Amino acid sequence: MLTLDDFDFDLPGELIAQHPTGERSASRLLQLGDGALADQRFTALPDLLAAGDLLVFNDTRVIRARLLGHKESGGHIEVLVERIVDARHAVAQIRASKSPKTGSRIILEDAIILIVDGRSGEQGEFFDVRLADEQAKGGADEGDLWNLLEKHGRLPLPPYITHPANADDEARYQTVFARHPGAVAAPTAGLHFDDALLAELAQRGVEVAYLTLHVGAGTFQPVRVHQIAAHRMHAERFEIPSATIAAIARTRARGGQVVAVGTTSLRALEAAAQCGDLQAGPAETDIFITPGYRFRVVDRLITNFHLPKSTLLMLVSAFAGRDAIRCAYRHAIAERYRFFSYGDAMLLTRRS
């Protein structure tokens, strides 16, 4: 029975990348396949793939989901929107010295008034909130949460990045192919790609396809149970276009490999194949991939380095093998790779 201790490691704090590299594709790339490790640069990726392979990207766009303010009764408060349900309603995390009560009012950024409708989530970690009636009667800008967040919200950098979001983060904490707003965290493996690298991959005969999975704030929630089988993932929305299903079929037919760019792309693809053939269209998933999982779609994975005891570390351990990942992480720490969202990347081959 696997426990949290099986996915723990010591990481020097100075290896947690606080800022992106000067150029998107200037990061390092640790290649892991058949138990062998190779230190590469991310710009070497076209040499590590073959003509006929398919890269599947997550084209979600990070929204300005972080809001600061106060309760109407007093007391500072911080809100991180987990999901916008519709123009008036959202699910959010709320940090305050004392949790707001159902029915209480929250004033955010001196511009947004929310009413707390209650708590939700497996352990009540989220709050259901809605725009106050007087605000909902405003014009298109003032009565729509999407517009209000875009106008008044802040970029929600991960908790391990210690500086407030600045202009550099506004540009670099989005992928160059981000299209569909809804995520509160970036699909960070995609941050390494720039237009020049994408053009070179296309020239080499590597096909690309897209899906959308809106990464939720739950991605940073710690696993709170010792036996990992007892953990439950937060559900996330995703959509796979029929064009992507067709691209995967073409790749299989020509003998190419399906390469997921990021754990979010992998989770969406594997969730869509749970009942057999890949299914196109919108869906939700709370799939929890741990060692022993049988992968149905993805052959290779591009991913960043993940937090100790995290569900993402469990996922990559399932994909490449727990011992292989443990060895790769020891190597990465010894070689001073940069970790987490703004860090370096890995190219993993599925364990046979």
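The values are calculated or read from the model by the stated rules, or taken from the named source; none is laboratory data. For clarity, every value in this text was computed on a predicted model and none was experimentally measured. No Cβ is skipped: glycine too gets one built from the backbone with ideal geometry, and neighbour counts run over all protein chains shown.
Observations on the model:
- When 229, 217 are screened for being at pLDDT below 95 and within 18 Å of the chain's Cα centre (by Cα), only 217 passes.
- From 134, 82, residue being touching a residue at least 12 places away in the same chain (Cβ under 8 Å), assigned to a helix (DSSP H, G or I) and in contact with a strand residue (DSSP E or B) (Cβ under 8 Å, 6 or more places away or on another chain): 134
- Among the residues making up the range 257-303, those that are over 15 Å from residue 55 (Cβ atoms), touching a helix residue (DSSP H, G or I) at 6+ places or on another chain (Cβ under 8 Å) and in a loop (DSSP other than H, G, I, E, B) are 278, 279, 280, 287, 288, 289, 290, 291, 292, 293, 295, 296.
- When the range 222-256 is filtered for residues that are assigned to a helix (DSSP H, G or I) and buried (at least 18 other Cβ atoms within 10 Å of the Cβ), the ones remaining, listed by number, are 228, 244, 245, 247, 248, 251.
- Single match in 210, 160 (criterion: surrounded by 15 or more Cβ atoms within 10 Å (Cβ to Cβ), part of a loop (DSSP other than H, G, I, E, B), on the phi < 0 side of the Ramachandran plot and not β-branched (Val, Ile, Thr)): 160
- Members of the range 177-207 found to be part of a loop (DSSP other than H, G, I, E, B), of a type outside the set (Gly, Ala, Ser) and in contact with a helix residue (DSSP H, G or I) (Cβ under 9 Å, 6 or more places away or on another chain), listed by number: 177, 184, 187, 193, 194, 204, 206
- Every listed requirement among (1) part of a strand (DSSP E or B); (2) surrounded by 15 or more Cβ atoms within 10 Å (Cβ to Cβ); (3) acidic (Asp, Glu); (4) at pLDDT 95 or above is met by residue 39 save one, (2).
- For residue 333: the one exception among (1) β-branched (Val, Ile, Thr); (2) part of a helix (DSSP H, G or I); (3) buried (at least 17 other Cβ atoms within 10 Å of the Cβ): (3)
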